[in-house]
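**Student:** Structure in structure tokens, see below.
The values are calculated or read from the model by the stated rules, or taken from the named source; none is laboratory data. Please read all numbers here as calculations on a predicted model, not as lab measurements. Backbone-built Cβ (ideal geometry, glycine too); neighbour counts: all protein chains shown. Just so you know, the surface numbers come from the protein's heavy atoms only, side chains and all, with ligands and any DNA or RNA stripped out. Shrake-Rupley method; radii C 1.70, N 1.55, O 1.52, S 1.80 Å.
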Amino acid sequence: YGTPSPTDNDWPTFCRSTHLEQAKKGISYFMPNKHIPWNVEHNSGNPTRSIPVLAVIKAVKKAEVRRQGRPSQAKRDLKRMEYKKTLKLFQEHRNNPRLCRTIPTMMKVHFHIIGRGDDITNLETVDLRLHNKFGDIALQLKVSWSKNVMEERQCPDQLLIGAGDPDFCVLASLASHLESKLGSSNTNRYL
């Protein structure tokens, strides 16, 4: 808040609730009786479980929801120019097929299916196939490494459709990558 005694007109602009929770957790870890609530009369127990501490964290969370708190620094949208520059930096390594084709292809597949790093790095060549109905314009991809998949039947096929923009066309990128990969003696099962 910037003041030891904040009023209703003050906003928490110096840290977020997650920072306060992490600090509280760090202090609580070293408390010998961390499961005992804070006793105001005897000044004993775990101070991180006191009602005023929990009330401050709750108030900071409420302010964040109302966009009155400190803006999040954790993540933001990837800008198109940042994405294009990253692709360009990798594609400039023409003497290294992994940097020139493989990583940009992984980036495009990752972007296309809105996946995680594990989803992309563990794709196998058998996971990619022609779409059953629209094989002339689309591919299917089974993402079995998704964090929410616990059984095979929970793993639906992802649809891969080309784009009119080379920075986003997953089909053109996969074609280039696979032509390079299959043209070599590479027998790696991963896509």
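**Student:** Does anyone have the angle between helix 170-183 and the longest principal axis of the chain? Alpha-carbon axes, 0 to 90°, nearest 10?
**Tutor:** Taking the Cα atoms of the chain, the angle to 170-183 is about 60 degrees.
**Student:** How much FRET efficiency would the formula 1/(1 + (r/R0)^6) give for residue 125 and residue 98, where r is the Cβ-Cβ distance and R0 is 25 Å, rounded to 0.05?
**Tutor:** The formula returns an efficiency of 0.95 here.
**Student:** In addition: If R0 is 45 Å, what FRET efficiency do you get for residue 34 and residue 83 from their C-beta distance, rounded to 0.05? Intermediate results must be reported in sequence, preceding the final value.
**Tutor:** Working: r = 45 Å, r/R0 = 0.99.
For residue 34 and residue 83, the calculated efficiency is 0.50.
**Student:** Ordering 77, 165 by accessible area with a probe of 1.4 Å, largest first, what comes out?
**Tutor:** 77, 165
**Student:** Let me ask another. Once ligands and nucleic acids are excluded and a 1.4 Å probe is used, how much of residue 150 is accessible, expressed in Å² to the nearest 10?
**Tutor:** Number for this one is 150 Å².
**Student:** Still on this structure: Would you work out the charge dipole size for the chain about its Cα centre, treating the Cβ of every Lys and Arg as +1 and the Cβ of every Asp and Glu as -1, and quote it to the nearest 20 debye? The partial results should precede the final answer.
**Tutor:** Working: 30 positive and 19 negative charges, 79 e Å.
About 380 debye.
**Student:** Would you work out the Kirkwood radius for the chain? I mean one over the mean of 1/r across all pairs of different Cα atoms, in Å.
**Tutor:** Working: mean 1/r = 0.0470 Å⁻¹.
It works out to 21.3 Å.
**Student:** Out of all Cα-Cα pairs in the stretch 27-111, roughly what percent, to the nearest whole number, are more than 19 Å apart?
**Tutor:** Numbers: 2329 of 3570 pairs.
That fraction is 65 percent.
**Student:** Give, in nm to one decimal, the length gained when the segment between residue 50 and residue 159 is fully stretched (0.36 nm per residue of separation minus the Cα-Cα distance).
**Tutor:** Working: separation 109, 0.36 × 109 = 39.24 nm, distance 5.10 nm.
34.1 nm is the gain from fully extending residue 50 to residue 159.
**Student:** Give, in nm to one decimal, the length gained when the segment between residue 41 and residue 27 is fully stretched (0.36 nm per residue of separation minus the Cα-Cα distance). Please report the intermediate quantities before stating the final value.
**Tutor:** On the way: separation 14, 0.36 × 14 = 5.04 nm, distance 2.08 nm.
Gain on extension, residue 41 to residue 27, equals 3.0 nm.
**Student:** Residues of the stretch 68-103 with the amide nitrogen closer than 17 Å to a label point 7 Å from the Cα of residue 20, along Cα-to-Cβ, please.
**Tutor:** 68-73, by backbone N distance to the label point.
**Student:** Roughly how many nanometres apart are two label points built 7 Å out from the Cα toward the Cβ at residue 13 and residue 116?
**Tutor:** If labels sit at residue 13 and residue 116, their model points lie 3.7 nm apart.
**Student:** How many Lys pairs in the stretch 18-88 lie less than 30 angstrom apart by Cα atoms, where the lysines are 8 or more positions apart or on different chains?
**Tutor:** 22
**Student:** Residue 75 to residue 182: FRET efficiency via 1/(1 + (r/R0)^6), r the Cβ-Cβ distance, R0 35 Å, to the nearest 0.05? Each step should come with its number before you reach the end.
**Tutor:** Values: r = 36 Å, r/R0 = 1.04.
Approximately 0.45, to the nearest 0.05.
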